[in-house]
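The values are calculated or read from the model by the stated rules, or taken from the named source; none is laboratory data. Bear in mind that the values here come from a model prediction, so they are computed numbers and not experimental data. Here the Cβ is made from the backbone with ideal geometry for all residues, glycine too, and neighbour counts use every protein chain on show.
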Amino acid sequence: MPQLHPDLPTAEFKALGHDVIDLLADYYAGIEAAPAFPGCKPADVAALFDAPPPEQGESAAAILADWRDKIIPNSSRQGSPRWFGFVNGSGSQIATLADAMASTLNPNCGGWRASPAATEIERRTVRWLAELMGYVSECGGVFVSGGTMANVAALRVALCAKATWNVDMDGLQSRNGAGRMTVYMADHETHVSMVRAVDLLGLGRSALRAVPSNADFTIDVQALERMLDADIAVGMTPFCIVGHVGSINVGAIDDINALANVAARRNLWLHLDGACGALGGMLPELQPQLNGMVRADSVSFDAHKWLGVPYEAGCLMVREIAALRRAFAMQATYLLPAKDNEYSGDNYFDYGPQLSRSWRALKVWMTLRYYGAEGIRTFFRQTIVCAKHLHNLVDTSDDFEVVQPSPLLYIYSFRWAPKELRGNDALLDELNQQISDELQRRLIAFAMTTRIRGRVTQRLSICSHRTTTADIDATFQAMRVIGQELLATTTAHHPERSEGPV
Ligand SMILES: Cc1ncc(COP(=O)(O)O)c(C=O)c1O
C-alpha cells in the first residue's frame, strides 16, 4: 500500500525548502521594479488554472514552476512601494518566514495543551503591543483574522457587558430587554466592517447610529450627546460608542478623551476602531491625539496593515480580561481532555470567536523582536512623511484640490481639479475615476478612489515601508499627466463640458 502523504527524506525536504526560498528571494529582489498591479484580466487568469483535480501526485518542481510562471505574473504586489490600494501591509520578510514556522509546528492556538509556547507568545505579544501603544498592559487580548472580526468581537463583548439580561440565553429577543440596543459612530467614515458587525450580531443595521461629523471628519461629540438623549427618549438602549483611530479615507482620529468622558458619564462601552491607526500610539508625537486610548474599554487594530505582517493578523484588546471571557467562554465536554491540574493553562477559545486557531501571534512577535520598537517607529514615520509630502504637493499645486486636513497618519485623499473644471463636480468625478483607472492600466501604481463628502477623490494608503517620497512624486506626476491628457480630450470633444458648474 502506498503511504498517504509520505514525508520527504530530510535532505530532500531541505532541498525543496531551498528552492522555495529562492523563489521568495527572487520575488523580494524584483518587488521595486515590477508593477504593483499585474494588469491581468479575470478570464485570462481563470484559463491559466483551468485544470481537472489532480488524480496522481505531481513533482514539487512542477508545482513550483507554476508559482514562478503563472502565479507571480498574475499577482498584485502588495509589497510594492507603489501599492497604495485598500489598507494593505507590505509584508515583513521575517514574518513571512514566521508563517512557515508556525505552519510547521501547527499548534491549535485554541487550547493551552495544544499550544503551550504559542499561547504564551500570543499573551506576551498582546502585552508588548498594549505597552508600546499606551493601552492597558494587563488587558485581555486575542488575535483574530482582521479588523472586521475584531469589531464583531468587540461589539459582542460590549453587548454582553452592557445588556441587563442574559444575552447568551435570550440573544436580542429577551422580553426583559429594554428597547433597541444601539451603537454610535461618526457618519462620514463609518467603516463597512461595523455594518458587518451589526449584521452578524443580529442587531440590525438601523442599530448603527450615524453621528454627524465635524469638518475634519471626526465625530461631533455634542451631536453625539444630542442623539443619545433623543434615542433614549424614544426608548432605545444605547450601549456602545465606536471611536475612530484612523478612519479609512482620511485617517481621522476622533477626540478620544471627549468620547471617553461621554461613555463614562452614561455608562456606555467605548470601543476604538484602530484598525488603521491604533499602532500610532507607539509614536510620542501622536500622544496629543492618542493619549486617551488607555481609557477605552476595547481597542482593535490590524498588524497586517501598518505593521506590515502578512495576512491575517487583526487584534482585539479589552481592558477587563473578564469581559472578554464573559463574551466568549464556552463549555463542552470534549474541549477539556483532563481534570484541571498543573498542566492547565488559559485556553484562547475562551477569549475569542474561534475554537481552532492558527498561530497568528508568532509573525507579530518575530516582527517586533526583529525590528524593535524603534525600528518600527522609524518605518511608521517614513509613511507619515510620505503622506505629508503628498499633501504638500497637492496643497501647492493649482490642478489638485485639498479635501482633508494635513494627514496625521499614512492615509490621504485628494482630488484632481484643474481650474478649468472647478465647480463641474459631475465631470470631475468622472475624470478622477478615469485617472485612477488609467494609473492602474499603465502599470504605474495601484491607487484607488473613494468618495469624500459625496465627491470622487483619489485615495492613497501609503502603508509600505518600501515607499519613498520619490514614489509619491512619480505617482503624483503620472496622475497630473493623465489628467492633462483627459482634459485635452474632454475640452476638444465637448468644449461645453468645461464650462463651470452643472
Ligand atoms: C477603520 C477600519 N476598520 C476596520 C477595517 C477592517 O479590517 P479588515 O479588512 O482587516 O477586516 C478596516 C479595513 O481597512 C478599516 O480601515
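Got a sec? Which of 198, 157, 242 is of a type in the set (Val, Ile, Thr), touching a Leu at 6+ places or on another chain (Cβ under 8 Å), in the same structural domain as residue 274 (by TED's automatic domain parsing) and in a strand (DSSP E or B)?
Values: 198 fails: in a strand (DSSP E or B); 157 fails: in a strand (DSSP E or B).
On inspection, the qualifying residue turns out to be 242.
If you check 153, 158, 130, which single one turns out to be surrounded by 15 or more Cβ atoms within 10 Å (Cβ to Cβ), within 16 Å of the ligand (Cβ to nearest atom) and within 20 Å of the chain's Cα centre (by Cα)?
Numbers: 158 fails: within 20 Å of the chain's Cα centre (by Cα); 130 fails: within 16 Å of the ligand (Cβ to nearest atom).
After applying the criteria, what remains is 153.
Quick check: anything in the stretch 319-340 assigned by TED's automatic domain parsing to the domain that holds residue 149, out of contact with any Phe, Trp or Tyr (no Cβ under 8 Å at 6 or more places or on another chain), closer than 19 Å to residue 105 by Cα and not aromatic (Phe, Trp, Tyr)?
No: zero hits.
Need the failing condition index for residue 70 against (1) closer than 30 Å to residue 465 by Cα; (2) of a type in the set (D, E, K, R); (3) not in a helix (DSSP H, G or I), just the number.
Every condition holds for residue 70 apart from (3).
Looking at the stretch 393-416, can you tell me whether even one residue there is within 29 Å of residue 274 (Cβ to Cβ) and of a type in the set (Asp, Glu)?
Yes, there is a match, as at least one residue in the stretch 393-416 is within 29 Å of residue 274 (Cβ to Cβ) and of a type in the set (Asp, Glu).
Would you tally the residues in the stretch 161-195 being part of a strand (DSSP E or B), away from the ligand (no atom under 16 Å from the Cβ) and either surrounded by fewer than 14 Cβ atoms within 10 Å (Cβ to Cβ) or modelled with pLDDT of 95 or more (or both)?
Taking the stretch 161-195 and keeping what is part of a strand (DSSP E or B), we get 181-186.
The next check asks that each one be away from the ligand (no atom under 16 Å from the Cβ); those that pass are 181-182.
Then keep just the ones that are either surrounded by fewer than 14 Cβ atoms within 10 Å (Cβ to Cβ) or modelled with pLDDT of 95 or more (or both); that gives 182.
Number of matching residues: 1.
Quick test for you: out of 340, 297, pick the one residue that is touching a residue at least 24 places away in the same chain (Cβ under 8 Å) and not hydroxyl-bearing (Ser, Thr, Tyr). If you could, list the steps in order and put the result at the bottom.
Working: 340 fails: touching a residue at least 24 places away in the same chain (Cβ under 8 Å).
Only one candidate passes the filter, namely 297.
Out of curiosity, is residue 198 at pLDDT 95 or above, among the β-branched types (Val, Ile, Thr) and within 14 Å of the ligand (Cβ to nearest atom)?
Details: at pLDDT 95 or above: yes; among the β-branched types (Val, Ile, Thr): yes; within 14 Å of the ligand (Cβ to nearest atom): yes.
Considered against the rule, which asks whether it is at pLDDT 95 or above, among the β-branched types (Val, Ile, Thr) and within 14 Å of the ligand (Cβ to nearest atom), residue 198 comes out as yes.
Name the single residue that is surrounded by the fewest Cβ atoms within 10 Å (Cβ to Cβ) among those in the stretch 304-323 being more than 15 Å from the ligand (Cβ to nearest atom) and farther than 20 Å from residue 193 by Cα. Spell out the reasoning first.
Residues of the stretch 304-323 more than 15 Å from the ligand (Cβ to nearest atom): 318-323.
Then keep just the ones that are farther than 20 Å from residue 193 by Cα; that gives 319-323.
Details: 319: 21, 320: 16, 321: 16, 322: 12, 323: 20.
Residue satisfying both the conditions and the ranking: 322.
Looking at the stretch 107-140, which of its residues are assigned to a loop (DSSP other than H, G, I, E, B) and in contact with a Ser or Thr (Cβ under 8 Å, 6 or more places away or on another chain)?
So the first thing to find is which residues in the stretch 107-140 are assigned to a loop (DSSP other than H, G, I, E, B), and the list is 107-111, 115, 134-139.
Matches in the stretch 107-140: 107, 108, 109, 110.
Out of all the residues in the stretch 291-303, which are within 16 Å of the ligand (Cβ to nearest atom) and either closer than 14 Å to residue 243 by Cα or out of contact with any strand residue (DSSP E or B) (no Cβ under 8 Å at 6 or more places or on another chain) (or both)? Show your work before the answer.
Of all residues in the stretch 291-303, those within 16 Å of the ligand (Cβ to nearest atom) come to 293, 296, 298-303.
Residues satisfying the conditions are 293, 296, 298, 299, 300, 301.
Residues are listed down the side, and each one gets a yes or a no for (1) among the acidic types (Asp, Glu); (2) in a helix (DSSP H, G or I); (3) under 30 Å from residue 278 (Cα atoms):
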| site | (1), (2), (3) |
| --- | --- |
| 427 | no, yes, no |
| 430 | yes, yes, no |
| 439 | no, yes, no |
| 449 | no, no, yes |
| 463 | no, no, yes |
| 467 | no, no, yes |
| 480 | no, yes, no |
| 486 | no, yes, no |
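Could you go through the stretch 383-390 and let me know if any residue there is outside the structural domain of residue 138 (by TED's automatic domain parsing), farther than 22 Å from residue 274 by Cβ and either within 16 Å of the ligand (Cβ to nearest atom) or assigned to a helix (DSSP H, G or I) (or both). Give the derivation first.
Narrowing the stretch 383-390 to residues outside the structural domain of residue 138 (by TED's automatic domain parsing): 383-390.
Filter once more, so that each one left must be farther than 22 Å from residue 274 by Cβ: 389-390.
From the residues that got through so far, the ones that are either within 16 Å of the ligand (Cβ to nearest atom) or assigned to a helix (DSSP H, G or I) (or both) too are 389-390.
Yes, the stretch 383-390 has at least one match.
Residue check, residue 238 against (1) away from the ligand (no atom under 16 Å from the Cβ); (2) at positive phi, all met but one. Which one?
Result: residue 238 fails condition (2) only.
Let me confirm something: among 91, 57, which residue is exposed (fewer than 13 other Cβ atoms within 10 Å of the Cβ) and not assigned by TED's automatic domain parsing to the domain that holds residue 476?
Result of the check over 91, 57: 57.
Across the stretch 1-36, which residue is nearest to the chain's Cα centre (by Cα) among those that are part of a loop (DSSP other than H, G, I, E, B) and closer than 17 Å to residue 70 by Cβ?
Going residue by residue through the stretch 1-36, those that are part of a loop (DSSP other than H, G, I, E, B) are 1-9, 31-36.
Imposing the further condition that a residue be closer than 17 Å to residue 70 by Cβ reduces the set to 34-35.
Numbers: 34: 24, 35: 23 Å.
That would be 35.
Just the residues that are surrounded by fewer than 16 Cβ atoms within 10 Å (Cβ to Cβ), at pLDDT 95 or above and among the aliphatic types (A, V, I, L, M), please, taken from the stretch 335-384. Please lay out each step first, then the result.
Filtering the stretch 335-384 down to residues surrounded by fewer than 16 Cβ atoms within 10 Å (Cβ to Cβ) leaves 335-345, 355-356, 369-370, 372-375, 378, 381.
Those still in the list that are at pLDDT 95 or above too: 355-356, 369-370, 372-375, 378, 381.
Selection gives 355, 373.
Is at least one residue of the stretch 49-66 under 30 Å from residue 411 (Cα atoms) and either in contact with a Lys or Arg (Cβ under 9 Å, 6 or more places away or on another chain) or at pLDDT 95 or above (or both)? Spell out the reasoning first.
Of all residues in the stretch 49-66, those under 30 Å from residue 411 (Cα atoms) come to none.
No: the stretch 49-66 contains no residue that is under 30 Å from residue 411 (Cα atoms) and either in contact with a Lys or Arg (Cβ under 9 Å, 6 or more places away or on another chain) or at pLDDT 95 or above (or both).
Among the listed residues 113, 82, identify the single one that is outside the structural domain of residue 14 (by TED's automatic domain parsing), touching a residue at least 12 places away in the same chain (Cβ under 8 Å) and within 23 Å of the chain's Cα centre (by Cα).
Unique residue meeting the criteria: 82.
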